[in-house]
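Right, one structure below, let's go through it.
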Amino acid sequence: MTWNQMRSEVEAHIEERAHDLIESGMPERDAWAQARREFGNTTLAIERSREVWGWNWLEQLGRDVRYAYRAMAANRLFTALAVASLALGIGANTAIYSFMESILLRSLPVKDPQSLAILKFQRPGAHKGSVRGSGSNGNMSMQITSGGSFDGLISAFPYPAFELFEKRTDLFEGVLAYHGQPEARITLNGGSLLGDVDYVSGGYFPTLGVKAALGRTLQPEDDRLGAPPVANVSLGLARQWFGDEHQALGKSVAASGVNFTIVGVTPRDFFGANPEKSTSVYLPLHSFLLTQPLRFTERGKIFTEKATYWLDTMVRLKPGVTRERAQAALDPTFAEYFREASGPTPQKARMIAMDGARGLDSLRHDYEQPLYVLMAMVALILTIACANIANLLLARASSRKRELAVRLSLGASRGRVIRQLLTESLVLSLIGALLGLLFAKWGVQTLTAMLAMGRQGFTLRAELNWPVLAATVAISLVSAMAFGLAPALRSTKLDVFSSLRASPSSPGNPKRRWMPINLGQALIVAQIALSFLLLMGAGLFVRTLSKLQSIELGFNPKNLLIFEINTLQAGYQHASSIAFHEQLRQKLSAIPGVVNSTLAAGGQLDGGNWSLDFRVPGSVFPDAENKKETLLLPVGPAYLTTMQIPILAGRDITLEDQTRASTAAVASESFAKKHFGSIGAALGRHASMNFEGDQDVEIVGVVKDARYPDLKTPMPAMLYVDYRHQSGFASQFIRLVLRTAGDPAQTATAARQILRQADPGVPMGMMYTQQMTIDSTIIQEILFARLCAAFAILAMIIACIGLYGTTAYSVSRRTSEIGIRMALGAQGKTVLAMILREVVLLGLAGLAIGVPIALALSSLVASFLYGIQPRDPLTVAAAIVAMMLGALVAAYVPAQRAARFDPMVALRHE
Amino acid sequence: MHEDDRSLFPGALEMMILQTLRSGPSHGYALAQVIKRNSDDLLQVEEGSLYPALQRMLKAGWVNADWGMSPTNRKIRIYKLTPAGRKQLEREVSRFERMLEGISRAMKAVQS
């Protein structure tokens, strides 16, 4: 039965009574008045009648929501501030936690990832540093470092070692090995592309427990010499190149010119065992012999070579076997193998089994700690936001005391009023949560884009983490309701008369008046302290970034266009490769805008380095008679000129150097001084390089020191050697380096075209500018600085929002007090100063708490800084100034309004 | 729920309504008038509490309601006693009489 029906009944009752009274002679108006009076509260009657049936709560909720909406629309500023605080707090938190979860916690989409382990080994005193990007190579000492990673753990194994692991069925349910070839040339359905190819052992898919989305996965019987060449492709590749994955089955895909039949498509989520890349094609491991030229496969013996390290290995532990146990069991076996395999000088190695649930973990390692720091920051922001909500609600509740008293006196039950206030808080929180959700989505996208900037082929897609969103929404909701409720409870207990009579600014109960002010101010002080923490952090990271960006490089990084090609993959031999390189270089230098051009077999700043043993006879450096590992960079003619590394003595490498007997080399200043005492003394000296035998190297020039291989390493003593003499150098991806007059990007298209015209079969790798590489090296610092700055600004905005609100409220509460002061002669300026002084006091109190805490905590982030101390006084001072300025600006507007009060109006204000 | 009721005790209103309905179906206003008249205005019944009471009795199944027209041609409901309601009335009456008996005995004991 509806409200209207009840109302009709009630009104009929009253009507009948009125008519009766009229009939008995009462005048009409009096009759109606009496009838209504006798009936009593009609609304109450109807409500209670409906309550009996229990539908009432829903209607009441609807009415409460509508009332809440009206109240919020009336107080637009309050609503905006509260909602903004909530949205920012919830959004920032959810974005960061979602991002964290994707990067740190996401598991491989395989069966039972927890029982997977990655095998690595460690050489005591291993060289730290990594060589990225290229395929396999023949030389042993090169290979070990090329499999290495940042932490000195090497994750590449020889095939015979893998066979040893396979035999351990007591420890492992399955063992897999694979070799990843990034940016290999893949041809299918009439086109070709560069994509990631994984050569996988027969046990790869069975061990991972991955079932094909279509067709079948590669099985052990496919991984044999002489087996029909079959392949699996990713779902993405299949759809992209065949339209529909069903069309891909049975078709042919060619890798490095060898045809394979597609027998299966991998599931959508599966990207291979390495989350940093997305594998397009899976080929049987043994087909490596088919696709690679002999020089890459140890002349066909790569599967029996004991000391060629080229396979990534993962195992699935048997139930009950822990990683520690497997590691301990495997260690003696592998140590012995390594000792035997390391030839005349036996070397030691230690087995490590790492958690394989999330796949190769370099990404995680890079970002784990910074992300924890970011998480802490974002939690702070949420706290500040909740404090804001609390403050705003408290302020508003006090100012509504009278409204609530009126409602109570008109017959509203206390429960009803409380319920309605709660509904208001709820609606507010929900709107804030909704906006927070949008903000979080946007935040996650931005973070992913920022992270991907430094890495090619980035496949991690962070998704919104719903539990975290729910948690942050819940936290905000609870704090909103708690702070909306407390004053509500207090207000509705009031003696109705006294609050109706009392104006908001009259003394009232002094004790009660103390409470809201104190709590609000305390919250502001806390917010200021927290904001200071964030400001200081931001300051430190921004300065670190600027220090990094102004590091002296030793060469000119501007306007350098770089791209890689691989002629060996297109079937060129050594001599024809070099000829092709030079022809290409000449064509490229003819492009208008290209000032200089050269080649190199490695990057100056991409983190990877070449190092070989050199013997330097006649060196003043002790023990340099014996072989010593030295850093080098194989380059082509005019490299140093193109890179604008100043030549201090002698000359650059030239075209003619190719025909010399010995390999031409240019030494860095440190090298010359280290081995020969002075720059001049190095000219004409010889050294012996151990690479494919002993090679004679002659120093033809000395240049100023330059950074190699990354920004933070001190400039090394190194050699730039002519790459053309050793086929081992030319078999890598060769980079063409072009110095352009203007924006390098403009030359990019022309360069691509020239390459395609020269030989369409030669695949081009990534094309980028040197500046981009530098940025990607310091991507973490860039990310950090930007994020922290964003967070600090966010925190300040939220805190200032709170300060603005509190000041405005305080001003309105003290309107008559201000009026009295002005009537007694105070100027507008005086009033302004008075209010601002109070704000300054709050600020100082906040800083008094925040600064010591910041100084204490700053040592935690010391490892992320560069060139700056964690307690850098300049940064501290700047943060203090920023915070105080922000506080003053926030309080200025309401303070200014107070200063402009007309005393007459103020005095009459109730 | 019954705070605003100025009846003597909870349930008294329901009892009087049931009793009134025993003589025949009635609508809200008429019920109010009868109760007032019968108690000679001694018992102040807030008319507004009549309707919630009627709804409670409807829910409990002691009365039935039909739609009808008031003398002023408005749509109203006409309430009728059900057999269950009749039984409830008997129970209430005997409970009331026992209570009355108990009180008077207790009072007599005090007095004597």
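Every residue, every condition in (1) at pLDDT below 90; (2) assigned to a loop (DSSP other than H, G, I, E, B), yes or no:
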{"site": "B:ASP40", "(1), (2)": "yes, yes"}
{"site": "B:LEU43", "(1), (2)": "yes, yes"}
{"site": "B:GLY48", "(1), (2)": "yes, no"}
{"site": "B:PRO52", "(1), (2)": "yes, no"}
{"site": "B:LYS59", "(1), (2)": "yes, no"}
{"site": "B:GLY68", "(1), (2)": "yes, no"}
{"site": "B:PRO71", "(1), (2)": "yes, yes"}
{"site": "B:TYR79", "(1), (2)": "no, no"}
{"site": "B:ARG86", "(1), (2)": "no, no"}
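Scan the range A:670-718 residue by residue and report those that are under 25 Å from A:GLN771 (Cβ atoms), of a type in the set (D, E, K, R) and touching a helix residue (DSSP H, G or I) at 6+ places or on another chain (Cβ under 9 Å). Those that are under 25 Å from A:GLN771 (Cβ atoms), of a type in the set (D, E, K, R) and touching a helix residue (DSSP H, G or I) at 6+ places or on another chain (Cβ under 9 Å): A:LYS704, A:ASP705, A:ASP710, A:LYS712.
Among residues of the range A:43-54 that are hydroxyl-bearing (Ser, Thr, Tyr), those with a beta-carbon under 8 Å from a residue that is modelled with pLDDT of 80 or more at least six positions away or on a different chain give the pairs A:SER49/A:MET6; A:SER49/B:TYR51; A:SER49/B:PRO52; A:SER49/B:LEU54; A:SER49/B:GLN55. Considering the range A:405-429, and only residues there that are in a helix (DSSP H, G or I) and free of Cβ contacts under 8 Å to residues at least 24 places away in the same chain, the residue that is nearest to A:ALA482 (Cα to Cα) turns out to be A:GLY415.
So for the range A:781-793 (the condition being of a type in the set (Val, Ile, Thr), more than 30 Å from A:CYS386 (Cβ to Cβ) and under 21 Å from the mean Cα position of the chain (by Cα)), does at least one residue qualify? Yes, that holds for at least one residue. Evaluating B:GLU97 against the criteria (1) under 15 Å from B:GLN19 (Cα atoms); (2) surrounded by 12 or more Cβ atoms within 10 Å (Cβ to Cβ) leaves one unmet condition, (2).
Residues that are of a type in the set (Asp, Glu) and over 25 Å from A:LEU371 (Cβ atoms) do not occur anywhere in the range A:860-874. If you go through the range B:57-75 and keep only what is facing another protein chain (nearest Cβ under 9 Å), touching an Asp or Glu at 6+ places or on another chain (Cβ under 7 Å) and either more than 12 Å from B:GLY28 (Cβ to Cβ) or surrounded by 18 or more Cβ atoms within 10 Å (Cβ to Cβ) (or both), you end up with B:SER70, B:PRO71, B:THR72. Scanning the range A:515-531 for residues that are small (Gly, Ala, Ser) and modelled with pLDDT of 85 or more yields A:ALA526, A:ALA529, A:SER531.
The residues in the range A:40-90 that are aromatic (Phe, Trp, Tyr), within 14 Å of another protein chain (Cβ to nearest Cβ) and not in a loop (DSSP other than H, G, I, E, B) can be counted, and the count is 1.
Scanning the range A:200-234 for residues that are over 14 Å from A:MET314 (Cα atoms) and not in a loop (DSSP other than H, G, I, E, B) yields A:LEU214, A:GLY215, A:PRO220, A:GLU221, A:ASP222, A:VAL230, A:ALA231, A:ASN232, A:VAL233. Filtering the range A:1-13 to residues that are more than 8 Å from every other protein chain (Cβ to nearest Cβ) and either more than 18 Å from B:HIS27 (Cβ to Cβ) or crowded, with 18+ Cβ neighbours inside 10 Å (or both) leaves A:THR2, A:TRP3. Going through (1) without any contact (Cβ under 8 Å) to a residue 24 or more places away in the chain; (2) of a type in the set (Lys, Arg); (3) within 8 Å of another protein chain (Cβ to nearest Cβ) one by one, B:ARG37 falls short only on (3). Entry remark, the range A:272-312: residues being buried (at least 22 other Cβ atoms within 10 Å of the Cβ), hydrophobic (A, V, I, L, M, F, W, C) and more than 28 Å from A:GLY761 (Cβ to Cβ) number 2 in total. Check whether at least one residue in the range A:5-24 is part of a helix (DSSP H, G or I) and under 21 Å from A:ARG416 (Cα atoms), and report yes or no. Yes, some residue in the range A:5-24 is part of a helix (DSSP H, G or I) and under 21 Å from A:ARG416 (Cα atoms). The one condition from (1) modelled with pLDDT under 85; (2) under 30 Å from A:ARG185 (Cβ atoms); (3) of a type in the set (A, V, I, L, M, F, W, C) that A:ILE782 does not meet is (2). With respect to the stated conditions, A:ALA35 is among the hydrophobic types (A, V, I, L, M, F, W, C), more than 38 Å from the chain's Cα centre (by Cα) and within 11 Å of chain B (Cβ to nearest Cβ).
Among the residues of the range A:14-32, count how many are more than 7 Å from chain B (Cβ to nearest Cβ) and under 17 Å from B:THR72 (Cβ atoms). Going through the range A:14-32 one residue at a time, the tally reaches 11. For the range A:450-480, the set of residues classified as assigned to a helix (DSSP H, G or I), surrounded by fewer than 19 Cβ atoms within 10 Å (Cβ to Cβ) and at pLDDT below 75 consists of A:MET450, A:ALA452, listed by residue number.
Within the range A:668-702, the set of residues being among the aromatic types (Phe, Trp, Tyr) and within 22 Å of A:PHE555 (Cβ to Cβ) comprises A:PHE671 only.
The values are calculated or read from the model by the stated rules, or taken from the named source; none is laboratory data. As the structure is a computational prediction, the values presented were derived from the model and not from experiment. Positions of Cβ are backbone-derived with ideal geometry, glycine not excepted, and every protein chain shown enters the neighbour counts.
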